[in-house]
Amino acid sequence: MRAFYHPDQSLHDPQQYMRFGQIVAPKDLPERTAQLLAALDRHGVRPEQPADSGVEPILGVHSAEFVDFLQNVWQRWLELPERGPEAWPNTFPYWSGRTDEAMRPPCRPTGLMGQLGWYLGDLSVPVGEHCWISTLRSAQTAVAGADALLAGERAVYALCRPSGHHARADRASGFCYVNNTAIAAQRLRQGFGKVAILDVDAHHGDGTQQIFYCRDDVLTVSIHADPANYYPFFTGYEDERGNGPGEGCNLNLPLPHGAAGHEMNAAIDRAGRAIREFGAEVLVVALGYDAHKDDPIGVLKLETADFGAIGARVKGFGLPTLVVQEGGYAIEAIGGCLDAFLEGFR
Ligand SMILES: [Zn+2]
């Protein structure tokens, strides 16, 4: 298996995060990548540095205005006479959320604070000095993985950080700034007619769903904890099936809180049937470890070994596969989860 990672990704070091009404220590620590790199090393996998593919692949799924905002927000923040340590919003827009609209209308405010509220969807995506370069490199890691599959590789792991699956076409949220999984899936369309995305992170892949919701060339499947009382709350329900040409091309499989490995496995088997029926030619797996029982923000109860079963099932689909790293915040556990996944996948 080939793997990609760029050292600039570890520069992103968020300082704050709002949880239950309190500003708390962030959960997406640079240490996460060190743990995952160590796991790769144990398997003899040496990650390659991705090529600088610029912002072009990101613009395949994100609006130019949003990408421009992310690129420049830190410099604009520094111009405020009084400011906190990171660019953070304090107001949020109302938007209808109509599923037949792939994107919101253009952002009307021209000032910084209005744009922060528009483009940053919650208080888990502060923008600090190195946020953009890490975000860019994380996306390029996913793009390099997709390019390897396009060149004939059968299995590639993209060690992305920051994660991506909560980023919508024009909005960052949930520790995610741009959607690495979606960017890679779009890139894969250059060589594959039908792409399937299977998201096994404990949180619904709401950004990925939104980006492809009206399309029939990318199947989006997400297995996650029931969002009725878990982030991202507003989407991830079973009745969200896609819209227009995309009708039937989105599958949400929420699990009850407290669900364990056998429930995850049953959901993956169901996902596998959908992926086969769809006629997918290539697979992108959005792999998070926050379904692990020790995750500090988790509500599912998977054991480390259960990630091996996930790897084995994914392998069983028999498709060229790009694994894109998403969440997982139990620093002591995530290296073992990747170990188990790689074992199972072999
Ligand atoms: Zn997650």
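Report, ordered by the first and then the second residue, all pairs with beta carbons closer than 7 Å, sequence separation of six or more or different chains, a first member in the stretch 52-76 that is in a loop (DSSP other than H, G, I, E, B), and a second member that is of a type in the set (D, E, K, R).
These pairs meet every condition: 57/187; 62/170; 63/170.
Which of the following residues is under 22 Å from residue 55 (Cβ atoms), among the basic types (Lys, Arg) and either in contact with a strand residue (DSSP E or B) (Cβ under 8 Å, 6 or more places away or on another chain) or within 16 Å of the ligand (Cβ to nearest atom) (or both): 187, 168, 241? Break it down into steps so the answer makes sense when it comes.
Numbers: 187 fails: either in contact with a strand residue (DSSP E or B) (Cβ under 8 Å, 6 or more places away or on another chain) or within 16 Å of the ligand (Cβ to nearest atom) (or both); 241 fails: under 22 Å from residue 55 (Cβ atoms).
After applying the criteria, what remains is 168.
For residue 209, only one of the following conditions fails: (1) within 15 Å of the ligand (Cβ to nearest atom); (2) open to solvent by less than 10 Å² (accessible area, probe 1.4 Å). What is its number?
(2)
If we keep just the residues of the stretch 317-331 that are away from the ligand (no atom under 12 Å from the Cβ) and touching a residue at least 60 places away in the same chain (Cβ under 8 Å), which is farthest from residue 147 (Cα to Cα)?
331
Which one of these is in contact with a Leu (Cβ under 6 Å, 6 or more places away or on another chain) and surrounded by fewer than 23 Cβ atoms within 10 Å (Cβ to Cβ): 272, 248, 261, 244?
Details: 272 fails: in contact with a Leu (Cβ under 6 Å, 6 or more places away or on another chain); 248 fails: in contact with a Leu (Cβ under 6 Å, 6 or more places away or on another chain); 244 fails: in contact with a Leu (Cβ under 6 Å, 6 or more places away or on another chain).
Exactly one of 272, 248, 261, 244 is in contact with a Leu (Cβ under 6 Å, 6 or more places away or on another chain) and surrounded by fewer than 23 Cβ atoms within 10 Å (Cβ to Cβ), namely 261.
Given the condition of a type in the set (A, V, I, L, M, F, W, C) and either under 16 Å from the mean Cα position of the chain (by Cα) or closer than 30 Å to residue 105 by Cβ (or both), answer yes or no: does some residue in the stretch 252-260 qualify?
No, the stretch 252-260 has no match at all.
In the stretch 117-136, what count of residues is obtained for those that are out of contact with any Lys or Arg (no Cβ under 9 Å at 6 or more places or on another chain), open to solvent by 10 Å² or more (accessible area, probe 1.4 Å) and part of a helix (DSSP H, G or I)?
The number of residues fulfilling the criteria is 3.
Taking the options 236, 246, name whichever one is within 16 Å of the ligand (Cβ to nearest atom), of a type in the set (Gly, Ala, Ser) and modelled with pLDDT of 95 or more.
When all the criteria are applied, what remains is 236.
The values are calculated or read from the model by the stated rules, or taken from the named source; none is laboratory data. Just so it is clear, the model here is predicted, and its values are computed rather than measured. Don't worry about glycine lacking a Cβ; one is built from the backbone with ideal geometry, like all the others, and counts go over all protein chains shown. Ligands, DNA and RNA are excluded from the accessible area calculation, which covers all protein heavy atoms including side chains. Shrake-Rupley method; radii C 1.70, N 1.55, O 1.52, S 1.80 Å.
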